[in-house]
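Below is one structure; the comments refer to it alone.
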Amino acid sequence: MKHVHWVRISAALALVMGLGACAPLVVGSFVGGAMVATDRRTSGTQLEDEGIELRSANRIREMVGDRVHVNITSYNRQVLLTGEVPNDRDRQYLAKLVSEVDNVRTVVNELAVMPASSLGDRSTDALITGKIKASMLDSKDIFASAYKVVTERGTVYLMGRVTQREANRATDIARTVGGVKKVVRVFEVISEEELKALLPEPPKAPPAPAK
């Protein structure tokens, strides 16, 4: 059983890495017991998010170099900043810097004023993210691909375009994972009607054979 569990975590870690890129979209299928649907962003918005992350990282590198540890996650042009900076002036400056990047809609500034996390801390965070993704994949009542999961020093950030019901369910899943200290929701909440419009239509039944 331990081997199966680690296989699921490894698969989830791969999914975590893959969701950061423009991966092929899966429609109306099941993976590991979880419902999987297309990304709820348009293809254009997905490309914009990738561009935002790249341009923001380049701008931060040019302006402050490697004296800060900043992770940039963009979903539907909402940018989450996590990591550590040496002082509050840097914290405010980096948020302003990213807010001026093309196509950025809003910035959620979760940078902490403290020494940079260790490699061991970051490995632990990656494992927590993998476990949460694995739990989402195991669940039969949640679209795992609808979420981005970011973990920083044991605090889990959940992003995505989800209904209130989906937001609550994902939060409950994340809270059950060992090592999670807190769950922060950075969702764009949509209605159940909006969700129905986003989901692919179920395949039509084949026509009855002619007699």
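The values are calculated or read from the model by the stated rules, or taken from the named source; none is laboratory data. Quick caveat: nothing in here was measured; it's all calculated off a predicted structure. Ideal geometry is used to build each Cβ from the backbone, glycine not excepted, and the neighbour counts take in all protein chains shown.
Residue by residue, here is whether (1) touching a helix residue (DSSP H, G or I) at 6+ places or on another chain (Cβ under 7 Å); (2) of a type in the set (Ser, Thr, Tyr) holds:
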position	(1), (2)
Val70	yes, no
Ser74	yes, yes
Val85	yes, no
Arg89	no, no
Tyr93	no, yes
Leu97	yes, no
Arg105	no, no
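When you look at Ala208, is it in a loop (DSSP other than H, G, I, E, B), without any contact (Cβ under 8 Å) to a residue 24 or more places away in the chain and either aliphatic (A, V, I, L, M) or buried (at least 19 other Cβ atoms within 10 Å of the Cβ) (or both), yes or no? Taking the combined requirement at face value, the residue satisfies it. When you check Ile142 against the structure, is it touching a residue at least 40 places away in the same chain (Cβ under 8 Å) and either more than 22 Å from Val70 (Cα to Cα) or surrounded by fewer than 13 Cβ atoms within 10 Å (Cβ to Cβ) (or both), yes or no? When the stated conditions are applied, Ile142 passes them. Taking the stretch 188-211 as the range and being modelled with pLDDT of 95 or more and closer than 14 Å to Phe143 by Cα as the test, no residue passes. Remark: Val149 matches the filter, which requires a residue to be surrounded by 12 or more Cβ atoms within 10 Å (Cβ to Cβ) and within 30 Å of Asp90 (Cβ to Cβ). Annotation for the stretch 124-138: no member residue is touching an Asp or Glu at 6+ places or on another chain (Cβ under 9 Å), crowded, with 20+ Cβ neighbours inside 10 Å and within 30 Å of Ala197 (Cβ to Cβ). Among the residues of the stretch 58-93, those identified as out of contact with any strand residue (DSSP E or B) (no Cβ under 7 Å at 6 or more places or on another chain) and polar (S, T, N, Q) are Asn58, Ser74, Gln92.
Yes/no per residue for (1) closer than 23 Å to Arg40 by Cβ; (2) in contact with a Phe, Trp or Tyr (Cβ under 7 Å, 6 or more places away or on another chain):
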| site | (1), (2) |
| --- | --- |
| Asn76 | yes, no |
| Thr82 | yes, yes |
| Asp90 | no, no |
| Tyr93 | no, no |
| Glu100 | no, no |
| Val108 | yes, no |
| Met114 | no, no |
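How many residues are more than 15 Å from Pro115 (Cα to Cα) and surrounded by fewer than 18 Cβ atoms within 10 Å (Cβ to Cβ) if we restrict to the stretch 78-94? Looking only at that region, the number is 2.
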